[in-house]
Amino acid sequence: MTLAIVLAAGTPAAGLPTDSGQRLADRLATQWRAAGARDVRFAADLGELAALVDDATGPVIVSGADLVAHTAVLRHLATSPVGPTVALVLTDPPGSGRTAVREERGQVVDAGPPTELDGAATGIFGGAVRVGAGDLPTLAAAARAAATGATGLAGGGPAAGPAVDRLFAGLTALGTLTFAHRVRLLVAHRVDDAAGLAAASAAVAAVDEDRAELRLSVKEKDDFFTTYFVSTWSPYVTKACARLGLGPTTVTMISVAFAVAAALLFATGDRPALVLGGLLLYLGFVLDCVDGQVARYTRHFSAWGGWLDTMADRAKEYLVYAGLGYGATAAGVEYGWALAIAAMTLQTVRHMTDAWYGVLHDEAARRPKTVGAGGGGIGDRLNAASTRVQADTGSVSYWLKRTVVFPIGERWALIALATALFSPRVALLAVLVWGTLAFAYTGALRTLRARWMWVPVLDTVDATLHRDDGPLAARLPVLRPVGPLTLAVLGALGSAGLLVAALVTGSAGLRWAVPAVLLVLLLAGLGAGAAHNGPLDWLVPAALRAGEYLFAIAVGVVAGAPAWLVFGYVFVLTLHHYDLVARLEKRQAAPPLHGGTLGWEGRSALLAVATIAGIASIGLFTLGVYLLVGFFASVVLAWVVRPAHATRPAAGPLAVGSRPPG
């Protein structure tokens with residue numbers, strides 16, 4: 001249950017009459033109920049607010065009483081999926097003791113008087129913040145501190161500016177991770193007097209709320225192909241889905257069906273099937289965009305939906321690679337499946353670096369004073385140049401930067417066109433070439449920028465979990481002086497060497513080299529217990545993924561296993577690793593059965609034993625099935641069984657308190 005608290009202290013505008021005859025504070029309370037708050041209370045001061053927060057068990061919305069906005073703005077803040085604690089941020093000029101904010105990558109990293117910010121202000125606090133249940137103790141502490149003037153803000157006393165501003169500045173000063181919710185297309189303003197109220201109300205009335213919400217369902221900044229070839233008409237599909245009652249999950253599953261149908265058509269190899277497959281792939285991608293748009297338009301967000309969207313995107317893409325690999329092989333291409341395996345491996349390792357670089361950047365944003373500790377230099381200049389390009393929305397340099405990294409829209413467009421016009425082999429080769437160039441480009445620039453930022457990433461999370469270490473790695477000695485990244489790269493190079501040797505010389509005589517290469521791969525385990533605080537240690541998970549995948553592929557080549565079986569095994573591994581990444585991004589706990597996945601080193605050791613025993617194909621198949629069954633069992637436990645158990649105590653009727661504004 002979400003509690004909304006309207007705090008009028010220090011806000012003279014709270015008692016102003018609106019067009020409907022209500023006081024502004026009363027109208028705001030009515031809007032919060034319409035926005036989804038089950039209980040709306042008024043707090044006379046920060047002490048009363050702290051007492052209400054102490055008794056709360058779910059998210060709490062704290063709002064000043066000087067906010068004039070569309071109800072949709074309030075609903076978007078209340079349902080924002082970006083994080084548990086989200087603040088409304090406006091572009092209005094600061095004044096009347098209001099708190100200015102500085103944000104980076106959507107996070108509020110500083111808040112207070114403009115003259116006291118660590119850097120230039122990027123907006124002002126919009127007078128409303130949703131605080132997650134885990135941050136409620138900090139909110140109560142900030143309220144009590146602000147009530148006594150302990151925050152040292154805006155004159156140092158309780159009477160300096162609206163209480164909600166001093167509260168938010170204190171909440172930020174206590175280190176709460178707060179995301180910024182910007183208002184776009186809709187209207188929100190904070191007012192001081194009757195003239196400001198009249199102007200803001202007129203601005204609200206001038207905007208069609210539903211039409212704006214439909215446009216807002218489209219991402220503000222997307223990739224070139226998506227922006228100009230999908231988002232120009234996908235809102236009409238979104239509106240139709242909403243009218244038909246199709247939720248985001250349903251649209252996601254329809255998108256999966258389109259991708260599977262495209263993969264099957266690509267596998268047949270004849271021209272009409274390839275053209276139709278390209279069309280279905282495009283439509284599937286449109287639906288892939290629509291599922292998120294439906295979620296934003298209807299405000300139906302869930303951790304399950306976010307996880308499913310991430311997993312479905314990767315599963316669809318790799319099933320398409322499988323169809324292309326089969327189709328190329330059926331057309332007489334000797335290495336059709338090999339191209340598909342290479343494309344899948346490259347894309348997964350790229351995604352792992354993308355995910356962890358994002359974590360690195362978020363950590364740097366939360367700790368701005370540590371940025372530049374490495375001395376600046378070229379990394380500093382690259383960071384400044386990137387910021388300038390990103391700010392120049394719609395320019396040639398902006399679109400080049402967004403396109404060269406080969407995002408999903410461009411990948412699907414390239415696959416659809418190359419397959420329809422040429423062949424599956426050409427499509428896979430095109431994906432590999434562009435993907436490799438994009439990986440080299442982003443890898444080089446990110447490495448330089450990361451050395452400039454010098455922020456440890458894996459020190460802030462469970463490194464063992466996200467390395468995907470098993471019981472064997474936990475028992476290996478720790479080789480600290482070398483560093484975890486160097487060890488992981490050495491392990492991956494050993495696997496790559498075995499694969500190259502098998503492809504160049506054939507598999508004869510290499511079976512007994514597998515144990516030696518396994519030992520090289522296990523070097524990566526010697527860094528499991530070391531501190532992952534180097535400037536490039538965010539690359540460790542990707543290096544471990546590369547080492548494991550290359551070892552499994554090399555084992556398959558050495559043992560002469562069917563290429564489709566090798567593809568299937570690596571595909572299952574990617575599902576497991578994307579599950580870890582999706583949970584990291586959605587701040588979820590480890591998969592319920594993660595302990596049974598054996599770790600990258602345990603799985604590799606089992607494959608090595610199977611190869612020595614001459615049953616590598618059986619080993620790949622058996623271990624793949626085992627991991628797949630475990631993956632689906634974890635999904636059922638995490639998203640069906642455990643939530644059902646968690647809601648059983650609350651199965652009876654709930655007494656929801658709500659008192660009318662007074």
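The values are calculated or read from the model by the stated rules, or taken from the named source; none is laboratory data. Everything numeric here is computed off the predicted structure, so don't read it as measured data. Heads up, the Cβs are rebuilt from the backbone with ideal geometry, glycines too, and the neighbour counts pull from every protein chain shown. The area values use the complete protein model at the heavy-atom level, side chains included, leaving out ligands, DNA and RNA. Shrake-Rupley method; radii C 1.70, N 1.55, O 1.52, S 1.80 Å.
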If amide H atoms are modeled at 1.01 Å from N in the peptide plane, then the residues at a separation of 5 or more from GLU104, or on another chain, having amide H under 5 Å from its own are VAL109
Longest segment of the chain with no GluC sites (Glu not before Pro) in a DSSP loop having at most 16 other Cβ atoms within 10 Å? 335-662
Cα centroid separation - the range 210-280 against the range 53-124, whole Å: 34
Return the whole-Å distance between the Cα centroid of the range 531-561 and the Cα centroid of the range 428-482. 10
Pop a pseudo-label 7 angstrom from the Cα along the beta-carbon direction at both ARG480 and ASP459 and give the gap in nm to one decimal. 1.3
Hand me the tally of lysine pairs in the chain: alpha carbons under 23 angstrom apart, and the pair either on different chains or 8 or more positions apart. 8
The base-10 log of I(q)/I(0) that the Debye equation returns for the range 52-127 at q = 0.15, 0.19 Å⁻¹, one scatterer per C-alpha, is -0.58, -0.90
Please give the per residue accessible area of the chain, computed with a probe of 1.4 Å over protein heavy atoms only, in Å². 41
With no solvent and one point per C-alpha, what does the Debye sum give as log10 I(q)/I(0) for the range 454-520 at q = 0.16, 0.20 Å⁻¹? -0.71, -0.94
Span per principal axis, largest first, for the Cα atoms of the range 3-84 (Å): 34, 29, 18
For the chain, with all protein chains present and a 1.4 Å probe, just round the carbon and sulfur fraction of the accessible area to a whole percent. 65
Can you give the FRET efficiency for TRP304 and ASP192, using 1/(1 + (r/R0)^6), R0 = 45 Å, r = Cβ-Cβ distance, to the nearest 0.05? 0.55
All Cα pairs of the range 404-514, percent lying beyond 25 Å: 53
From the phi of every residue in the range 591-605, what ³J(HN,Hα) in whole Hz does the Karplus formula 6.51 cos²θ - 1.76 cosθ + 1.60 yield, where θ is phi - 60° and glycine or proline is x? x, x, 9, 4, x, x, 7, 6, x, 4, 6, x, 5, 5, 5
Computed about the Cα centre, the charge dipole of the chain from +1 Lys/Arg and -1 Asp/Glu charges at the Cβ has a magnitude in debye, to the nearest 20, of 560
To the nearest 0.05, how large is the calculated FRET efficiency for ALA440 and LEU279 if R₀ is 25 Å and r is the Cβ-Cβ distance? 0.20
Per DSSP H run of n ≥ 4, the term is -39500 (n - 2.57); total these for the chain, divide by its residue number, and report the mean residue ellipticity at 222 nm rounded to 500 deg cm²/dmol. -19000 deg cm²/dmol
Just the ratio, please: alpha-carbon radius of gyration of the chain over 2.2 N^0.38 Å, N its number of residues. 1.05
Here P(r) for the range 506-568, Cα-Cα distances in 10 Å bins, as whole percents, is 18, 42, 26, 13, 1
So if a site counts as exposed when it's one of the trypsin sites (Lys or Arg not before Pro), its DSSP state isn't H, G, I, E or B, and it has at most 13 other Cβ atoms within 10 Å, what's the longest stretch of the chain without one? 222-586
